[in-house]
Structures are given as C-alpha cells and as structure tokens.
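The values are calculated or read from the model by the stated rules, or taken from the named source; none is laboratory data. Note that the coordinates shown come from a computational prediction; the quantities given were computed from them, not determined experimentally. Positions of Cβ are generated from backbone atoms using ideal geometry, with glycine treated the same way; all protein chains shown enter the neighbour counts.
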Amino acid sequence: MAPPIGVQLYSVRDQLDKDFEGTMKKIADIGFDGVEAAGQYGESPQWFRGLCDDLGLRISSMHTSLPGTEEGKDAQEFAEILGIKDFVIPYIPAEKMQTRALLGAMCDEFNAALDKFPDYRFTYHNHDWEFRANADGEVPHLVMRELLDPRFKFEVDAYWVKVGGFDPVETASELGTRAPLWHIKDGMLTGPMLPVGDGVLDYASVIPKLTHAEWLIVELDNCATDMIEAIRRSYNFLAVL
C-alpha cells in the first residue's frame with residue numbers, strides 16, 4: 001500500500017502569510033492526505049487543528065527545536081493540541097557537525113530527549129552537509145547513525161541526499177525502519193527547485209524502494225514557478241507512482 005502524501009507547510013509559508021485558510025483549502029483540494037507543521041498555525045494551534053479536521057487533512061508531524069530546550073519549550077503542548085507524536089528536528093548548521101566531538105555532544109542531547117519524552121518519536125531531517133565529509137573526514141550522517149540511539153529516527157530528504165553525493169535508494173536500504181518519514185523535493189541539484197518529477201531525481205525508481213516510508217512529504221524550499229502550482233504538479237506526479 002502506498003504511503004500517504006503530505007506537504008511541508010514551509011513550502012507555502014508566503015502563501016500562508018497572505019491567506020492561511022485559503023491556502024490550506026487549496027492543499028486539501030489538490031488531494032494531499034495531510035500536512036507537516038512548521039511553526040505556522042494561523043490564529044492558534046487549536047484553530048489550526050480544527051481547520052485541518054474540517055478539511056480532512058491529517059497532521060503527520062511537526063518541525064520543532066528540540067523539546068526541553070528554551071527554543072522548543074512549547075513543542076509538547078503544541079503536539080498535544082495537534083494530536084501528533086512525531087517531533088522532527090529540522091536543522092543543525094554545518095559548523096556544528098565538523099568534528100566527531102561536536103556530533104557526539106549533539107547526539108547525547110538528542111538521546112537524552114528520548115527518555116524525557118517517551119511518548120513521542122523523534123526524527124532528524126537532513127540537508128546536504130550531513131552527507132559531505134567534515135573537518136574530521138567523516139560523513140556526519142553516518143556518525144549520527146552510529147551515535148544516536150536506534151529509537152531516534154530519520155526524516156530523510158531525498159533531494160539533499162543526492163546533492164550531498166549519496167544515493168537515496170542506498171540510504172533507504174541502509175536505514176530501513178529508521179527512516180519512517182521522507183521529504184520529496186526535486187531540482188537540478190543547483191539553483192531553484194522544481195516540481196517533483198521535473199528535476200534530476202528518478203523518483204519513479206526511488207519511491208518503490210522506500211518500503212518503510214510512513215509518509216512522503218513534498219517540500220520545496222523555493223521554486224522558479226508559482227508554488228501552489230508546483231506542489232499541485234508534485235502531488236499529481238507522486239499520486240500515480
């Protein structure tokens with residue numbers, strides 16, 4: 001059975017700023033099964049949850065700073081309101097991954113959160129630098145797989161894996177059940193992103209190999225064309241694979 005298709009709301013952040021409810025309705029009308037939250041909740045998290053329920057959109061997960069830190073102090077409260085169990089750590093800058101010591105300290109902090117918040121699942125979302133050798137000559141993502149508790153999962157961004165020089169299919173095989181969430185974006189590996197299916201990634205071959213994916217989540221950081229049309233074309237491409 002094919003995994004549900006969602007969209008990361010960061011993709012439509014500008015549209016949400018102009019017309020939150022109208023943009024969410026467009027997402028539902030396109031056919032998306034759900035959305036991944038990213039700090040924009042319209043009038044309130046409660047209002048956002050109600051809007052998603054009314055539109056028939058599930059909330060797959062939430063990008064957030066690490067719960068238990070000052071930046072992530074509201075994460076658990078918002079997750080309870082949204083009815084989700086998945087925290088996604090969306091970004092750690094490359095300079096904090098340049099040595100095994102730095103990576104070890106970060107992984108220790110991540111691992112500690114698992115026991116502080118046992119009712120939630122944690123995943124980490126990559127960019128390209130996690131797949132490029134650091135100052136120690138190691139690939140940060142490989143070090144993280146080693147140092148993170150196996151309970152800590154990965155939200156794999158297939159496009160950034162490719163930009164970093166690795167193969168998304170091989171990455172999926174290596175991670176297995178540790179990669180329940182997948183970000184799907186496309187482009188030419190440099191320059192503006194493109195609707196999924198219009199770039200260099202062979203998603204017709206990649207998607208069937210993501211056998212442990214629980215969600216496929218479209219995320220376009222930017223796009224050379226209208227963003228709503230871009231996510232529409234992305235959904236239409238994925239829906240027939």
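Within the option set LEU82, LEU189, LEU148, LEU181, being hydrophobic (A, V, I, L, M, F, W, C) and more than 21 Å from TRP215 (Cβ to Cβ) holds for one residue only, LEU189. Figure legend. Inter-residue proximity from region 45-69: first residues touching a residue at least 60 places away in the same chain (Cβ under 8 Å) and within 21 Å of PRO4 (Cβ to Cβ), second residues part of a strand (DSSP E or B) and hydroxyl-bearing (Ser, Thr, Tyr), beta-carbon distance below 9 Å, spacing 6+ or different chains. Indicated pairs: SER61/THR123. For region 81-96, the tally of residues that are surrounded by fewer than 15 Cβ atoms within 10 Å (Cβ to Cβ) and either closer than 23 Å to ALA179 by Cα or not acidic (Asp, Glu) (or both) stands at 6. The set of residues in region 47-97 that are among the charged types (D, E, K, R) and in a helix (DSSP H, G or I) comprises ARG49, ASP53, ASP54, GLU77, GLU80, GLU95, LYS96. Filter region 38-52 for residues that are within 20 Å of HIS183 (Cα to Cα) and in contact with a helix residue (DSSP H, G or I) (Cβ under 6 Å, 6 or more places away or on another chain); which is surrounded by the most Cβ atoms within 10 Å (Cβ to Cβ)? The extreme case among them is ALA38. Pick from region 134-177 the residues that are small (Gly, Ala, Ser) and crowded, with 17+ Cβ neighbours inside 10 Å: which of them is nearest to MET106 (Cα to Cα)? Result: GLY164.
Name every residue in region 74-115 that is closer than 16 Å to SER61 by Cα, of a type in the set (Val, Ile, Thr) and within 19 Å of the chain's Cα centre (by Cα), in order of residue number. Within region 74-115, ILE84, VAL88, ILE89 qualify. Residues in region 1-20 that are basic (Lys, Arg) and either closer than 19 Å to HIS183 by Cβ or crowded, with 22+ Cβ neighbours inside 10 Å (or both): ARG13 only. When the helices (runs of 4 or more DSSP H) confined to region 154-241 are screened for residues that are of a type outside the set (A, V, I, L, M, F, W, C), those reaching at least 3 such residues are found at 168-175, 227-239. The listed residues are THR23, THR99, and the only one of them that is modelled with pLDDT of 95 or more, touching an Asp or Glu at 6+ places or on another chain (Cβ under 6 Å) and surrounded by 15 or more Cβ atoms within 10 Å (Cβ to Cβ) turns out to be THR99. Among the conditions (1) closer than 23 Å to HIS127 by Cβ; (2) outside any helix (DSSP H, G or I); (3) free of Cβ contacts under 8 Å to residues at least 60 places away in the same chain, TYR41 misses just one, which is (1). Among the residues making up region 178-195, those that are surrounded by 16 or more Cβ atoms within 10 Å (Cβ to Cβ), out of contact with any helix residue (DSSP H, G or I) (no Cβ under 7 Å at 6 or more places or on another chain), among the hydrophobic types (A, V, I, L, M, F, W, C) and free of Cβ contacts under 8 Å to residues at least 60 places away in the same chain are MET193, LEU194.
Annotation: LEU142 fulfils all but one of (1) farther than 16 Å from TRP182 by Cα; (2) touching a Phe, Trp or Tyr at 6+ places or on another chain (Cβ under 8 Å); the unmet one is (2). When region 199-223 is filtered for residues that are of a type in the set (Val, Ile, Thr), surrounded by 16 or more Cβ atoms within 10 Å (Cβ to Cβ) and either over 11 Å from VAL169 (Cβ atoms) or modelled with pLDDT under 95 (or both), the ones remaining, listed by number, are ILE217, VAL218. Candidates are the residues of region 12-38 that are part of a helix (DSSP H, G or I) and among the aliphatic types (A, V, I, L, M); the one that is nearest to the chain's Cα centre (by Cα) is VAL12.
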